[in-house]
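So the structure is just underneath, and the comments pick up after that.
The values are calculated or read from the model by the stated rules, or taken from the named source; none is laboratory data. On a predicted model such as this, the values are computed, not experimentally measured, just so you know. Quick reminder, even Gly has a Cβ in these numbers, built from the backbone with ideal geometry, and neighbours come from all protein chains shown. Surface accessibility is based on the protein's heavy atoms, side chains included, excluding ligands, DNA and RNA. Shrake-Rupley method; radii C 1.70, N 1.55, O 1.52, S 1.80 Å.
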Amino acid sequence: MKPLAGLRIADFTVHAAGPFCTHMLSQMGAEVIKVETALRPDIFRKPHAVYGRQGPATFDQVSSNKLSVRLNLKHPDGVALAKKLVTIADVAAESFRAGVMARLGLGYEALHQAKPDIVMVSVSSSGQTGPESHFAGYAPLFGAWGGLGYLSGHADGPPVEMRHVMDHSVGMHAALATLAALHRRRRTGLGCHVDVAAREVASSLVGDALTAASASVTVGRMGNDDMTRAPHGLFPTADADRWLSIAVSGDEEWQKLAGIIGQPHLGHDPRYATQPCRHENRRDLDDPIAAWTGAQKGETTAELLQAAGIAAHLSWAASDIVSDPHMRARGSIIEVTETNGHLRAAVGRPARFAGDDAPGITRGTPALGGDEAYVYGELLGLSRARINALIDDKAIY
């Protein structure tokens with residue numbers, strides 16, 4: 001049995017951050033019922049020109065495992081049906097702007113009345129309260145607001161946008177907060193409203209820089225440098241656009257690396273013999289290391305350095321990860337069957353539980369409204385005639 005088997009989530013989330021939260025919970029066994037509408041489909045259910053995709057890859061990623069039902073939340077019967085759905089759920093998750101759910105008649109107070117112990121999780125850019133709670137935001141803005149973007153990039157260049165990694169970081173924090181709220185409910189019997197602000201998640205990831213700033217110390221962009229270690233960065237290889245990441249954490253490792261690159265004298269050069277000295281003179285080390293790595297094959301060089309106890313690996317593209325035997329052996333990359341019968345690769349859950357070797361994802365992306373017979377008929381007990389009437393009236397739409 002998966003750890004969250006028996007948990008049910010009414011999922012009103014859209015885009016990526018909120019859906020990633022419920023996706024992670026679904027991989028651990030929660031039954032997630034995604035509420036959608038044909039009036040305004042999730043922007044990620046169709047190709048998104050901003051990212052130049054040919055298909056809805058982002059939607060596929062965060063919607064695998066989920067069930068889909070249509071509901072028109074601007075129709076009173078649609079709202080009533082949404083509340084009925086919440087009565088059989090443990091969690092209601094949403095990721096609209098602050099106040100949207102309340103205006104629809106589905107705010108926490110309304111859902112609490114429908115089910116007193118409901119855990120409602122709201123994911124938004126700036127939180128449900130505060131002077132900027134109404135601000136809109138997407139992944140690049142979360143990193144910009146939270147200070148993470150300012151720290152990303154090279155010292156002589158501009159900040160670098162954080163994209164889906166920011167959405168997914170927010171989603172993971174929301175999933176953790178959801179589990180904490182459910183644990184609290186188990187102890188007290190009380191539900192609650194969980195308020196997750198994306199920009200605050202970003203700030204939590206740069207706590208060291210915030211601590212430094214409080215002491216009037218400015219931490220800036222470091223590119224691929226480390227604050228103390230050297231050599232540390234990406235180096236070219238003989239393979240086109242294949243970059244080798246190397247991180248040397250001690251003097252012994254440096255001496256080994258110096259010997260491997262055919263420059264053993266550098267291992268004992270006073271300018272590089274100790275970690276503080278190497279860090280101070282790190283730019284002088286880039287050229288001899290790059291000259292050596294640039295003449296080597298990436299994969300074999302990474303293996304050579306790892307065998308010597310030096311942290312090194314190629315900077316992998318997605319195609320490398322999809323075909324990686326290690327990831328497939330662990331079930332981190334799995335094949336999922338879509339509703340059209342096609343197979344595609346999917347990213348499994350990043351945690352393992354003793355006694356549970358079942359894959360985290362057991363079904364592909366749901367068709368819009370593809371699970372209404374089960375949800376409305378079996379779970380909510382609506383007759384076929386009643387479901388048809390709601391469809392005709394466009395409450396289910």
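Have a look at Gly189, Gly294, Gly262 and point out the one that is surrounded by fewer than 14 Cβ atoms within 10 Å (Cβ to Cβ), in the same structural domain as Thr22 (by the TED database), over 27 Å from Leu141 (Cβ atoms) and out of contact with any Cys (no Cβ under 9 Å at 6 or more places or on another chain).
None of the others qualify; the one that does is Gly189.
Within segment 202-224, how many residues turn out to be loosely packed, with under 10 Cβ neighbours inside 10 Å and either polar (S, T, N, Q) or in contact with a Gly (Cβ under 8 Å, 6 or more places away or on another chain) (or both)?
Final tally of qualifying residues: 3.
Out of Asp195, Asp208, Asp167, Asp156, which single residue is closer than 19 Å to Val62 by Cβ and out of contact with any Leu (no Cβ under 7 Å at 6 or more places or on another chain)?
Only one candidate qualifies: Asp167.
Report those strands (runs of 3 or more DSSP E) wholly inside segment 285-397 carrying at least 3 residues which are within 28 Å of Leu257 (Cα to Cα) and touching a strand residue (DSSP E or B) at 6+ places or on another chain (Cβ under 9 Å). Before the answer, list the steps.
Details: elements: 311-314, 333-337, 343-347.
Counting at least 3 such residues, we get 311-314.
Here's the yes/no breakdown for (1) surrounded by 13 or more Cβ atoms within 10 Å (Cβ to Cβ); (2) under 17 Å from Phe59 (Cα atoms):
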| residue | (1), (2) |
| --- | --- |
| Gly348 | yes, yes |
| Gly370 | yes, yes |
| Ala385 | no, no |
| Ala389 | yes, no |
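Can you tell which of Gly130, Gly233 is closer than 30 Å to Pro276 by Cα and of a type outside the set (D, E, K, R)?
On the way: Gly130 fails: closer than 30 Å to Pro276 by Cα.
Checking each option against the conditions leaves just Gly233.
Does Arg352 count as charged (D, E, K, R), open to solvent by 50 Å² or more (accessible area, probe 1.4 Å) and in contact (Cβ under 8 Å) with a residue 40 or more places away in the chain?
Against the criterion (charged (D, E, K, R), open to solvent by 50 Å² or more (accessible area, probe 1.4 Å) and in contact (Cβ under 8 Å) with a residue 40 or more places away in the chain), Arg352 does not qualify.
Residue under question is Leu368, and the condition is that it be of a type in the set (A, V, I, L, M, F, W, C), within 18 Å of Lys83 (Cα to Cα), in contact with a helix residue (DSSP H, G or I) (Cβ under 8 Å, 6 or more places away or on another chain) and at pLDDT 90 or above; does it hold?
Spelling it out, it is not the case that Leu368 is of a type in the set (A, V, I, L, M, F, W, C), within 18 Å of Lys83 (Cα to Cα), in contact with a helix residue (DSSP H, G or I) (Cβ under 8 Å, 6 or more places away or on another chain) and at pLDDT 90 or above.
In contact (Cβ under 8 Å) with a residue 40 or more places away in the chain and either over 24 Å from Ile88 (Cα atoms) or in contact with a helix residue (DSSP H, G or I) (Cβ under 9 Å, 6 or more places away or on another chain) (or both) - does that describe any residue in segment 318-325? Show your work before the answer.
Going residue by residue through segment 318-325, those that are in contact (Cβ under 8 Å) with a residue 40 or more places away in the chain are none.
No, segment 318-325 contains no residue that is in contact (Cβ under 8 Å) with a residue 40 or more places away in the chain and either over 24 Å from Ile88 (Cα atoms) or in contact with a helix residue (DSSP H, G or I) (Cβ under 9 Å, 6 or more places away or on another chain) (or both).
Scan segment 90-105 residue by residue and report those that are outside any helix (DSSP H, G or I), crowded, with 23+ Cβ neighbours inside 10 Å and among the hydrophobic types (A, V, I, L, M, F, W, C).
Val91, Ala92, Ala93
Counting only residues that are without any contact (Cβ under 8 Å) to a residue 24 or more places away in the chain, open to solvent by 20 Å² or more (accessible area, probe 1.4 Å) and either assigned to a helix (DSSP H, G or I) or under 23 Å from Trp316 (Cα atoms) (or both), how many does segment 265-275 have? Give the derivation first.
Keep residues of segment 265-275 that are without any contact (Cβ under 8 Å) to a residue 24 or more places away in the chain, which gives 265-274.
This time we only want the ones that are open to solvent by 20 Å² or more (accessible area, probe 1.4 Å), so: 265, 268-271, 273-274.
Add one more test, that the residue is either assigned to a helix (DSSP H, G or I) or under 23 Å from Trp316 (Cα atoms) (or both), and what stays is 265.
Qualifying residue count for the region: 1.
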